[in-house]
Structures are given as structure tokens and as C-alpha cells.
Ligand SMILES: Nc1nc2c(c(=O)[nH]1)N[C@H]1C(S)=C(S)[C@@H](COP(=O)(O)OP(=O)(O)OC[C@H]3O[C@@H](n4cnc5c(=O)[nH]c(N)nc54)[C@H](O)[C@@H]3O)O[C@H]1N2
Ligand SMILES: Nc1nc2c(c(=O)[nH]1)N[C@H]1C(S)=C(S)[C@@H](COP(=O)(O)OP(=O)(O)OC[C@H]3O[C@@H](n4cnc5c(=O)[nH]c(N)nc54)[C@H](O)[C@@H]3O)O[C@H]1N2
Ligand SMILES: [Mo]
């Protein structure tokens with residue numbers, strides 16, 4: 001097979017089969033290809049692949065219904081015909097008896113880069129076109145708190161993050177890049193849909209060489225790359241809001257706040273000042289007050305505020321800060337800080353929420369992008385904030401607050417998941433297992449035997465992206481890729497589309513689902529739509545066959561980042577922001593009217609209700625992994641190479657380690673009320689004392705899957721994290737930080753089993 005083009009969330013490449021492995025060459029136009037590409041080399045034939053449809057024994061024998069054995073049952077391999085019949089009959093049963101509002105089709109997850117086979121879209125289209133809809137989920141694990149609060153205070157997250165201050169402007173104009181949570185290159189190497197040019201490193205180098213100063217406020221030094229030549233200010237996890245309030249207090253107290261900007265472009269600065277200077281409740285939120293909370297010395301806070309004054313400053317706040325209780329607050333305060341410095345709307349100045357968290361942010365946009373798969377109409381109104389899945393399954397009918405609404409959790413009987421891994425992304429995994437045990441049925445499509453697959457009643461083997469044809473593209477990537485199959489499907493794996501088509505056929509809805517098109521015809525159809533739109537803009541493109549043959553197409557872009565804020569600054573009356581009075585809301589009457597104690601009408605510091613104590617004296621940071629995307633291809637070469645003794649590696653400060661008799665490379669146990677996790681340890685001065693860091697993504701591997709407090713021997717931190725919403729406003733994921741104790745582990749719980757095939761029985 002000659003080398004063919006393909007694309008992934010972490011980069012485009014060509015692949016050549018070499019025995020059972022692949023030889024991968026990064027896209028020639030990529031200035032800084034991602035090492036994650038290496039994860040593709042050895043996964044095609046890995047034992048962790050799902051090769052046959054499988055049914056859980058208890059479900060087959062006893063029929064659908066709540067079952068506490070999920071996660072610890074046996075599986076039986078069945079034929080596709082049997083699997084498709086079981087799936088179709090069960091969906092029909094639930095839809096007939098309870099309606100589509102008893103089916104949860106949120107199916108959150110990143111899936112793979114191809115736009116047609118995007119698994120979540122396939123699920124949605126399938127449920128809409130067969131049973132008329134499903135209960136959906138809204139927003140993301142990434143940034144739910146920000147997605148909800150930003151439109152109240154300024155504009156949509158899309159506008160602030162994707163179309164906000166651009167990397168190019170920063171490289172050319174910013175004097176100070178003040179970054180809460182850093183600008184880690186490990187994160188910006190990824191972008192949903194594709195990322196053909198990794199330019200962040202180059203932009204940071206260019207800015208630094210011009211003299212821009214990068215300041216990273218984070219518990220971890222390496223959240224800022226060497227190229228930025230920046231400074232590191234360690235901060236206690238979860239306390240940035242206090243630090244930001246103190247910076248604001250200092251600016252105000254020293255007469256350094258841009259009062260003209262605040263009066264002309266913002267609403268509510270006097271209200272916030274009353275809270276900063278103690279008028280409101282007697283507490284002065286000054287640098288000394290913040291030092292006690294965030295650990296940054298008061299003198300440093302004052303000096304930093306003074307240094308920011310009069311400079312072209314861009315403030316960034318990483319997604320991670322809002323993936324915590326009260327996560328809305330640092331997002332809000334980042335905007336207020338930029339406003340108090342008078343920066344929004346200036347070239348290279350203002351607020352770039354989440355810059356660098358993903359490769360999409362701060363980039364130019366395609367004039368026209370490849371369309372996504374049409375999902376059809378969902379006839380069900382009910383939804384949940386995405387991270388409230390376990391709450392929903394455990395509290396049927398109970399009320400919950402969300403962004404000014406009071407809603408109720410629907411009663412779900414059947415959940416269908418393709419392209420996501422809840423046992424990777426959700427918090428408090430023992431609770432999640434318990435929640436999934438309430439279902440009548442869980443159907444999972446997977447190419448690999450993730451923990452989620454191992455809790456399913458029906459496991460349907462899906463192809464990997466490498467085994468099918470698709471088109472890869474993202475609105476912020478000027479290259480569109482023909483994704484050619486690199487290998488034959490392994491075992492009995494089928495495309496998600498083919499699986500759904502065959503189930504739809506059993507329900508008499510094949511035509512509605514497929515519109516009579518094959519995969520290739522869908523790709524041609526979607527390409528044709530894009531071509532037509534481009535033609536309207538006077539742009540000529542090759543026909544599909546030529547595109548397919550040449551493998552890559554360069555699309556025209558517009559580089560108008562920051563346009564909304566620039567126009568607002570030029571003329572706020574003619575170009576108001578999409579807020580109630582058209583200004584930046586430092587006080588939001590709308591949010592105040594919700595009467596939420598955990599998210600009042602102006603930004604505040606609220607003490608989180610979980611903090612280090614005698615039993616759990618350390619903060620745990622459970623951040624994104626450097627060696628893979630989430631849990632994807634955790635068994636791939638690059639990910640595997642960075643484990644030690646097959647376990648994920650936890651970073652710890654030498655002082656914390658010495659106090660516990662822990663030495664470099666030792667096996668440790670992180671534990672709290674929810675469970676325990678084993679990991680290998682690496683000691684480093686690049687993490688602040690009192691904090692340990694264990695990335696997400698190691699596949700959940702409980703020694704006893706049924707334990708109330710499970711022990712994961714592989715290193716999945718979501719055993720430990722807490723399953724609560726960020727606040728009544730955003731109800732986002734709070735998984736970034738929690739508290740733990742760490743001890744040396746000398747026991748023997750056997751080897752990691754996460755990648756071992758299921759002990760399946762053949763059905764006769
Ligand atoms: N503690 C803690 N938890 C977190 C976070 C954190 O910071 N801390 N971060 C959160 C964030 S930001 C996110 S976005 C989530 C990510 O959570 P997910 O998006 O659920 O994680 P992935 O591992 O990307 O899951 C994608 C799954 O889809 C499968 N897959 C890939 N391609 C296909 C396909 O074509 N078909 C099918 N059927 N399956 C496919 C992969 O094998 C994988 O199992 O995690 C969240 N969880
Ligand atoms: N390699 C790789 N890249 C990824 C992903 C991946 O799985 N792998 N996932 C992608 C996805 S879906 C998303 S949403 C983004 C997520 O982007 P982020 O949420 O920004 O990424 P994280 O790595 O979780 O966190 C960034 C850094 O914030 C710091 N931090 C944590 N808590 C705090 C705090 O309280 N205060 C301060 N100041 N800093 C803190 C941590 O040191 C951490 O390294 O990443 C994307 N990029
Ligand atoms: Mo995310």
C-alpha cells in the first residue's frame with residue numbers, strides 16, 4: 001500500500017503500513033508536529049481492540065433492567081446479526097413504552113477527527129431519524145462554567161476564545177502576557193477536527209524575542225514553554241479568584257485602574273469596588289488578604305499590579321481554572337482585570353479566555369468550512385448540563401438549577417454512547433458505576449475495550465479512524481484533508497455509520513437515516529455543499545475526485561480576530577456587546593436575579609467546600625495528559641513509553657515526598673474518601689509544595705470493580721475527583737482539582753489489566 005494522507009485531532013500525516021505497524025510521517029506543512037502521532041504506530045492490531053460484538057451475560061439472561069453487576073460481569077461474543085437485533089429490539093421497546101425522553105443520547109466525547117464519522121453526530125442523527133429524538137446534554141466537560149457565564153458578561157465563548165485576541169497580535173503587539181494556568185504546548189497541540197499547523201511555539205518565541213514578557217500563574221512551572229522565556233508565579237490550586245481580586249484592589253487603591261474605560265465600557269465597577277475596599281461587608285480584599293488564600297506573597301501581588309499598569313497586556317485564563325467548584329469566578333475576573341487595565345479592543349491587549357488550551361484558539365478562520373453531518377430534529381426538550389450525568393441517573397425526577405432555570409432530571413432507561421469514554425471523563429467513578437447500574441440498558445460503540453465498554457450491556461466494535469475514509473477539517477485549520485483508509489478494519493469492526501444504518505433498517509428507518517447515500521456519497525455531498533458556498537464567494541475548488549486524489553486542499557481564511565472588541569472600543573453605541581446594556585458586566589443584574597449563593601451578581605472569592613485538611617493535606621491536580629488525547633490510544637507507543645512499571649506517573653515536590661519516605665520512581669497510593677489510585681512518582685521542584693499532579697487518561701483499572709471505594713492500579717485520577725457542579729449557574733465539571741493523601745505503596749495488587757481482552761465466552 002502506498003503512503004496515504006490521514007488526519008487526527010493532533011495533526012495530519014501520511015501513513016505507510018510496515019508489518020502490523022504503521023510508519024507515520026507528519027504533514028510536511030506542519031512546523032512543529034505533535035509527538036502524539038506516535039500513538040498510531042502500534043495500535044491497529046493491539047489486544048485492547050474490540051474485535052467482536054459482545055453482550056453482557058446478566059443482561060442477556062435476565063433482560064434489560066437495573067443491575068449492580070455492570071463493570072464485573074462476563075461477556076458473550078455474538079454475531080453482528082444477533083447484536084443488531086438486540087440493539088434494535090431494545091431501542092424499539094424503550095421508545096414504545098417510555099418514548100424518546102427515556103433515551104439518553106448525549107454521548108459526550110471527542111471521538112476522532114473525520115467530520116462525517118464524528119461518532120456523536122452519528123448517534124444524534126440516528127436517534128432523531130429513528131425514534132424522533134433523545135435527552136441531550138449541553139456544553140462540555142472542557143468549559144461549561146465559562147460557556148454559561150461569558151455570554152452574561154461579554155459575549156459567547158466562541159467570540160471571546162476563538163475570535164478574540166489572536167496569536168499573531170500577541171506575537172506583534174503584546175507587552176505582557178499574563179496567563180492564569182499557563183499556555184502549555186502539551187495542550188495546544190490538540191484541536192477537535194484537525195490541527196495541521198502547530199504554530200503556538202513559534203508565536204511565543206516571536207513574542208519573547210520582541211521583548212514581550214510572559215508571566216504564568218500556576219501550581220506547575222512547565223505550563224509555560226521554554227520558548228516563552230517567562231516567569232513562574234506559583235499559586236495554590238483553586239485560589240486564582242482571590243489573587244485577581246487583590247490585583248484589582250491594588251490597581252484601584254493605587255489609582256492605577258483605568259477609570260475612564262471602566263465608566264464608559266463597563267457596568268458595575270463601583271459595586272465591585274465596594275466589595276474590594278470593605279464597604280460592602282467589612283472585608284478588604286487587598287494583597288495581604290489574598291496572600292493568606294493563594295500563597296502568593298502580598299508584596300509580589302502589589303508589584304505585579306504595578307507592573308501591569310500602562311502596558312499592553314493580554315490576560316489569559318486556562319480552561320482548567322473553571323473546571324473546579326466556583327469555576328465561573330476566575331473566568332469573570334479575567335475579563336474584569338483586562339477591563340481595569342483598559343485593554344479590551346487594543347491590538348494584542350484584552351482578554352483571551354482559554355488561549356492555548358486548544359489549537360483552535362487565537363487563530364484565523366476559514367471563510368467556508370467543511371459542513372458537519374446534519375443531525376436531524378430532536379423532538380425531546382429535556383437536557384442536562386453535560387457533567388450532571390450521574391446526578392441524573394441517581395436522582396430521577398429531582399429538581400436542579402441551571403443558568404436561571406429550575407429543571408428536573410428525566411427518567412432514563414437506555415443510554416447510547418459512541419465516541420466518548422465516561423469512565424475517562426467523569427468524576428467519582430464508583431458513583432458513576434452506581435449510576436450506570438440504574439439503567440435498563442447501556443449500548444457502547446468502541447474500537448477499544450475502554451472501561452466504559454466494560455460496563456456496557458452491548459459492545460459494538462467500531463472501526464478506528466485509520467480504517468475508513470473521511471474528510472478532516474476544522475474551522476480554524478486552513479487545510480482540508482482527504483482521510484484515506486490506512487488499514488482494513490480489524491476483526492469484525494464496522495463503521496459507526498454502518499452499525500446505525502443496519503439498526504435503522506431493522507426499525508424501518510434506513511432511508512431516513514442514510515438519505516440513500518453511501519459513505520463516499522455523503523463525503524461527496526458534504527464536499528459539494530462546501531464547494532457551492534465557496535463558489536458564492538468567488539473561490540474555485542477542485543472537484544471531489546481531484547481533492548480525493550491530491551489529499552489536501554488549502555482553504556481561504558479571514559484573519560479578523562478581536563474584531564468584536566475592537567469595534568466596541570471604537571464606538572460602543574454603534575457596536576454594543578450582546579449583553580443587556582451592551583457593556584462589559586462587572587455587575588450582572590441577570591446573574592444577581594438568579595439569587596445563587598454560589599454565583600452572586602458580581603465576581604467574588606468563595607471558599608471551596610473541599611480544602612486540604614489533616615486527612616487529605618495535598619491538592620491533586622488532575623490535568624490533561626501530555627502523552628495522548630484524554631484516554632485515546634492509552635496503549636499506544638508514546639503513551640505507554642511514558643508510564644513507569646505500566647503505571648501513570650504522578651509529580652510531587654521533594655519536600656512532600658521526603659516527609660512520607662517516598663523516593664524517585666517509587667510506587668505510591670493517592671487516596672481520599674472516594675477511593676485510591678496507584679501511580680509511579682517523579683520528584684520535581686517544578687511543582688509547588690503541597691500539590692501533586694496526576695494527569696487524566698490512564699484507563700480505569702479497579703482491583704475490585706464492585707468496591708464502594710475502588711483502588712485503581714493504573715492511575716486514573718477520576719477515582720478521586722468529586723462529582724459536583726461548578727455552581728448553580730454553570731453546573732460544569734469540577735474534576736481538575738481535589739484533595740488527597742499520598743503514601744508509599746509496597747503491596748502487591750498484580751499487573752495492570754486495563755488492556756487485557758475480555759474473558760469472553762463464545763455463544764453456541
Ligand atoms: N479529572 C478530570 N477529568 C476530566 C478533565 C480534567 O481536566 N480532569 N478534562 C475533561 C475534558 S476537558 C474532556 S474534553 C473530557 C474528555 O473525555 P472524552 O472525550 O470522553 O475522552 P476520550 O478519551 O477522547 O474519549 C473518546 C472515546 O471515543 C473512542 N473513539 C474514537 N474514535 C471513535 C470512533 O470513530 N467511533 C467510536 N465509536 N469511538 C471512537 C475512543 O477510543 C475513546 O474511548 O474529559 C474530562 N475529564
Ligand atoms: N496533550 C493533550 N492536549 C489536550 C488535551 C489532552 O487530553 N491531551 N485535551 C484538550 C481539551 S479537550 C481541553 S478542554 C484542553 C484543556 O485545557 P486546560 O483545562 O487549560 O488544560 P489542563 O492541562 O487541564 O490545565 C492547564 C494547567 O492549568 C494548571 N492549573 C490547574 N489548576 C489550576 C488553578 O487552580 N490555578 C491555576 N492558575 N492553574 C491551574 C495546571 O498546572 C495545568 O497544567 O486541553 C486540550 N489539549
Ligand atoms: Mo475538553
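Checked against the criterion of being surrounded by fewer than 19 Cβ atoms within 10 Å (Cβ to Cβ), more than 16 Å from ligand 1 (Cβ to nearest atom) and under 30 Å from residue 163 (Cα atoms), the candidates 590, 655 yield just one match: 590.
Taken together, the residues in segment 215-224 that are in contact with a helix residue (DSSP H, G or I) (Cβ under 9 Å, 6 or more places away or on another chain) and surrounded by fewer than 24 Cβ atoms within 10 Å (Cβ to Cβ) amount to 2. Of the residues screened, residue 234 is not one that is touching a residue at least 12 places away in the same chain (Cβ under 8 Å), under 25 Å from the mean Cα position of the chain (by Cα) and within 16 Å of ligand 1 (Cβ to nearest atom). Quick one: would you say residue 198 is surrounded by fewer than 21 Cβ atoms within 10 Å (Cβ to Cβ) and modelled with pLDDT of 95 or more? Judged against the criteria, residue 198 is not a match. Of the residues in segment 135-143, at least one is farther than 23 Å from residue 577 by Cα, more than 16 Å from ligand 1 (Cβ to nearest atom) and crowded, with 24+ Cβ neighbours inside 10 Å. Taking segment 1-116 and the strands (runs of 3 or more DSSP E) fully enclosed by it, the elements with 2 or more residues that are within 30 Å of residue 430 (Cα to Cα) are at 54-56, 75-77.
Are any residues in segment 395-422 buried (at least 24 other Cβ atoms within 10 Å of the Cβ) and within 16 Å of ligand 2 (Cβ to nearest atom), and if so, which ones? Within segment 395-422, 420, 421, 422 meet the criteria. Which residues, taken from segment 613-632, are near ligand 1 (Cβ under 9 Å from one of its atoms) and part of a loop (DSSP other than H, G, I, E, B)? Passing the criteria: 622, 623, 624, 628, 629, 630, 631, 632.
Here residue 63 meets each of (1) in the same structural domain as residue 458 (by TED's automatic domain parsing); (2) touching a residue at least 24 places away in the same chain (Cβ under 8 Å) with one exception, condition (2).
The condition (being buried (at least 21 other Cβ atoms within 10 Å of the Cβ) and more than 23 Å from the chain's Cα centre (by Cα)) is satisfied by just one residue among 671, 714: 671. Among the residues here, residue 346 qualifies as out of contact with any strand residue (DSSP E or B) (no Cβ under 7 Å at 6 or more places or on another chain), part of a loop (DSSP other than H, G, I, E, B) and over 18 Å from residue 601 (Cα atoms).
Taking the options 376, 362, name whichever one is touching a helix residue (DSSP H, G or I) at 6+ places or on another chain (Cβ under 9 Å), assigned to a loop (DSSP other than H, G, I, E, B), away from ligand 1 (no atom under 16 Å from the Cβ) and under 15 Å from residue 562 (Cβ atoms).
362
Under the condition of being in contact with a strand residue (DSSP E or B) (Cβ under 7 Å, 6 or more places away or on another chain) and assigned to a loop (DSSP other than H, G, I, E, B), the residues counted in segment 664-673 number 3. Failed condition for residue 104, given (1) over 19 Å from residue 496 (Cβ atoms); (2) in contact with a helix residue (DSSP H, G or I) (Cβ under 9 Å, 6 or more places away or on another chain), with all others met? The failed condition is (1). Here is the figure for segment 350-370: residues that are over 15 Å from residue 179 (Cα atoms) and within 16 Å of ligand 2 (Cβ to nearest atom) total 3.
For every residue, the table says whether it meets (1) surrounded by 16 or more Cβ atoms within 10 Å (Cβ to Cβ); (2) within 30 Å of residue 612 (Cβ to Cβ); (3) within 16 Å of ligand 3 (Cβ to nearest atom).
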position: 226; (1), (2), (3): no, no, no
position: 234; (1), (2), (3): yes, yes, no
position: 244; (1), (2), (3): yes, yes, no
position: 264; (1), (2), (3): no, no, no
position: 273; (1), (2), (3): yes, no, no
position: 282; (1), (2), (3): no, yes, no
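Taking segment 138-162 as the range and being touching a strand residue (DSSP E or B) at 6+ places or on another chain (Cβ under 7 Å) and away from ligand 2 (no atom under 13 Å from the Cβ) as the test, the residues that pass are 138, 152, 153, 154, 160.
The values are calculated or read from the model by the stated rules, or taken from the named source; none is laboratory data. Model, not experiment: these values are computed from the prediction. Note that we place each Cβ from the backbone using ideal geometry, even for glycine, and neighbour counts take in every protein chain shown.
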